[in-house]
Structures are given as structure tokens and as C-alpha cells.
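Heads up: the structure comes next, in C-alpha cells.
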Amino acid sequence: MESIQRLLEITVEVSMLIFEFTGVVVILTTGIIGLINFLRRDAHTRLKIANGFATGLEFKLGGEILRTVLVRNINEIIIVGSIIMLRAALSFLIFWEIRNEETAIKEQKEEEIQLEELRREDTLREDLLRWEQFLKNNTPPQEDEEHCTF
């Protein structure tokens, strides 16, 4: 029985280290890539960093959840529980930031589409006025550099 218990402890400890290490690697990699994207002035840098940090925190949280298997007394339970709650709160805040950033990007794209549609409508109106002028006066419409549709 003790050998099974010891095997479980070793398995959990190794798994915790793997999860913790993976979380650290993901967070460090995200930070480095985020810095590169920031220097390149990538518009989606914040979103990419938030996604990477959230993924890294999920691995770290997985390690803490595994740690609960090894807990022996109430003090350890309180410490591990506090760490889990803190990491869960951080994950929640990061996911909230991701959602807000995605919403902002979506709104920006919608505004750009609306602006482009307004520009097209203005161009069509101008072209229509030129054709009306042509039909009324029987003179060709004046071409300008912006609208060379004739």
C-alpha cells in the first residue's frame, strides 16, 4: 500500500513540475513574442499577449490542482486553495480583457466597413451628378483626379 502511495506522490510531483514548467515557458515565450509584436506595432499585440498569458496561467493552475492530491493538513489546504483562487481570479481578469479587446477590434472593423460604404455612396452620388450634368447640358462631365470613371 505504501508503494502505491509513494508512486502516486512521485507521479503527482513530476506532473506538477511539468505543468508548472510548461506554464512558465508559455508565459516567457508570450512575453518575448509580445515585445517583438509591440516593436512592430502590431495592432493585436494586447490580445495575443492576453491569450498567451491565459494559456500559461491555465497550465500553472493545473499544477496547483494536482498539488491538492498531496495536501496533508489544513494549513496546506488553505495555502493551496488561496493560490488556486488567486490564479483563477487572474485568469478571469485576463479572459475579461480578451473579451473587451476582441469587442474593440470588432467595433473598429465595423466602423471601417461603414466608413468605406459611405465613401462608395459619396462616389456614386458624385458620378450620378456628373451624368445628370452630361444629360442636361450634353457636355461631357469634368474628370477629376480622384474619380476617373469616365
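Structure notes:
- Qualifying residue in region 34-49 (condition: charged (D, E, K, R) and either in contact with a Phe, Trp or Tyr (Cβ under 8 Å, 6 or more places away or on another chain) or touching a residue at least 40 places away in the same chain (Cβ under 8 Å) (or both)): yes
- Near pairs, Cβ below 8 angstrom, 6+ apart or cross-chain, from region 126-150 (among the hydrophobic types (A, V, I, L, M, F, W, C)) to any residue that is modelled with pLDDT under 80: Trp131/Pro141; Phe134/Pro140; Phe134/Pro141; Phe150/Pro140; Phe150/Pro141; Phe150/Glu143
- Whether a residue is within 30 Å of Gly52 (Cβ to Cβ) and surrounded by 10 or more Cβ atoms within 10 Å (Cβ to Cβ) was assessed, and Glu116 does not pass this test.
This table checks each residue for (1) at pLDDT 90 or above; (2) in contact with a helix residue (DSSP H, G or I) (Cβ under 8 Å, 6 or more places away or on another chain); (3) charged (D, E, K, R).
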position	(1), (2), (3)
Phe19	yes, yes, no
Thr29	yes, yes, no
Arg40	yes, no, yes
His44	no, yes, no
Ile49	yes, yes, no
Lys60	yes, yes, yes
Gly63	yes, yes, no
Thr68	no, yes, no
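- Checking region 41-60 against the condition returns a match, with at least one residue being within 30 Å of Gln5 (Cα to Cα), over 17 Å from the mean Cα position of the chain (by Cα) and surrounded by 13 or more Cβ atoms within 10 Å (Cβ to Cβ).
- Selection from region 74-108 of residues that are of a type in the set (S, T, N, Q) and surrounded by fewer than 12 Cβ atoms within 10 Å (Cβ to Cβ): Asn75, Ser82, Thr103, Gln108
The values are calculated or read from the model by the stated rules, or taken from the named source; none is laboratory data. This is a predicted model, so every value here is computed, not measured. Virtual Cβ from ideal backbone geometry, glycine too; neighbours counted across all protein chains shown.
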